[in-house]
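The next block holds one structure in the form of structure tokens; read it before the comments.
What follows is calculated from the coordinates using simple rules that are stated; it is not laboratory data. The structure presented is a predicted model; accordingly, all values stated were derived computationally and were not measured. For neighbour counting, all protein chains shown are included, and Cβ atoms are generated from backbone atoms with ideal geometry for every residue, glycine included.
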Amino acid sequence: MSHILILNGPNLNLLGTRQPETYGTITLKDIEALCAHEAKSLGVTYEFEQSNHEGTLIDFIHNTKAEGIVLNAGAYTHTSIAIMDAITSVNKPVLELHLSNIHQREAFRHHSYISNVAFAMICGLGASGYPLALRAMAGHLAL
Ligand code: CA2
């Protein structure tokens, strides 16, 4: 049975509580419930984590027993060579995920360090991107 880490970066713990016009009204706990439901139907296991700290996110990447990682790195997407290097160091497939369409937003969000090392990227589908990403990762791991 595949095991997948769903890892969330800074400020995503605030989902559903602020800026609903950009990020919607669904909370991270609601998103975890969507993932739990999807994981059950796919027959995979998962861990769901969030941190506001770059080093903690890197530790999750280094230490996970998961075979694949779904990563919404938040704003670290656009700044963190360290997270990019952590992904390279573990040699596990990563699917980059964003709630918003980062290419329709400010120019500084158009570049992603994660895209350099991810096999795929989903963005702009809001919370429904999470179960889709889980499904895509399960399919990738089954290849
Ligand atoms: O669209 C995404 O998923 C992002 O990764 C979200 C990040 C942003 O910096 C990326 O460019 C795109 C920001 C997450 C902030 O989440 C909040 C949620 C509620 C209230 C305030 C921020």
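Pairs meeting the criteria (first residue in the range 118-131 and within 16 Å of Leu5 (Cα to Cα) and touching a residue at least 24 places away in the same chain (Cβ under 8 Å), second residue part of a loop (DSSP other than H, G, I, E, B) and among the hydrophobic types (A, V, I, L, M, F, W, C), beta carbons under 9 Å, at least 6 apart or on different chains) are Gly129/Leu99; Tyr130/Leu99. Would you confirm whether any residue within the range 100-113 is within 12 Å of the ligand (Cβ to nearest atom), crowded, with 23+ Cβ neighbours inside 10 Å and either part of a helix (DSSP H, G or I) or aliphatic (A, V, I, L, M) (or both)? Within the range 100-113 (the criterion being within 12 Å of the ligand (Cβ to nearest atom), crowded, with 23+ Cβ neighbours inside 10 Å and either part of a helix (DSSP H, G or I) or aliphatic (A, V, I, L, M) (or both)), the answer is no, since none of the residues qualifies.
Residues that are touching a residue at least 12 places away in the same chain (Cβ under 8 Å), over 20 Å from Ala138 (Cα atoms) and outside any loop (DSSP other than H, G, I, E, B) within the range 9-54 comprise Leu12, Asn13, Thr22, Tyr23, Leu28, Asp30, Gln50, Glu54, listed in sequence order. Are any of the residues in the range 71-88 under 21 Å from Glu32 (Cα atoms), more than 9 Å from the ligand (Cβ to nearest atom) and either in a strand (DSSP E or B) or out of contact with any Gly (no Cβ under 6 Å at 6 or more places or on another chain) (or both)? Yes, the range 71-88 contains a residue that is under 21 Å from Glu32 (Cα atoms), more than 9 Å from the ligand (Cβ to nearest atom) and either in a strand (DSSP E or B) or out of contact with any Gly (no Cβ under 6 Å at 6 or more places or on another chain) (or both).
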